[in-house]
Amino acid sequence: MKISVDNDVCEAHGHCNIVDRELFPLDEDGYSDVGQGKQVPAGKEGLAEQGVEICPVLALRIDEDDAGIG
Ligand code: SF4
């Protein structure tokens, strides 16, 4: 699972960061610093989904991996 942010949509609400600081880092101005295609560590999929769902402006999304990497 990977997560990405649309920086044109993010309004620096910071809700995602409250769900998990490491998964959803913020830059110094409070905007999401998730970037594009950030790998979600094993076991953090549920938190990733929560963070994506909690964003009030739908700036975050989940990019499903191709199955069977490696
Ligand atoms: S919750 Fe949404 S708007 Fe707020 S910082 Fe995270 S991505 Fe940006």
Quiz prompt | Pair list, Cβ < 6 Å and 6+ apart or interchain, from segment 45-57 residues that are among the charged types (D, E, K, R) to residues that are surrounded by 14 or more Cβ atoms within 10 Å (Cβ to Cβ) and not in a helix (DSSP H, G or I) | solution = E45/M1
Quiz item: What number of residues within segment 10-38 are within 11 Å of the ligand (Cβ to nearest atom) and loosely packed, with under 13 Cβ neighbours inside 10 Å?
Solution: 4
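Laboratory data are not the source of any read-out in this text; all were calculated from the coordinates shown. Because the structure is a prediction, the values reported are computed rather than measured. Glycine gets a Cβ as well: all are built from the backbone with ideal geometry, and neighbour counts include every protein chain shown.
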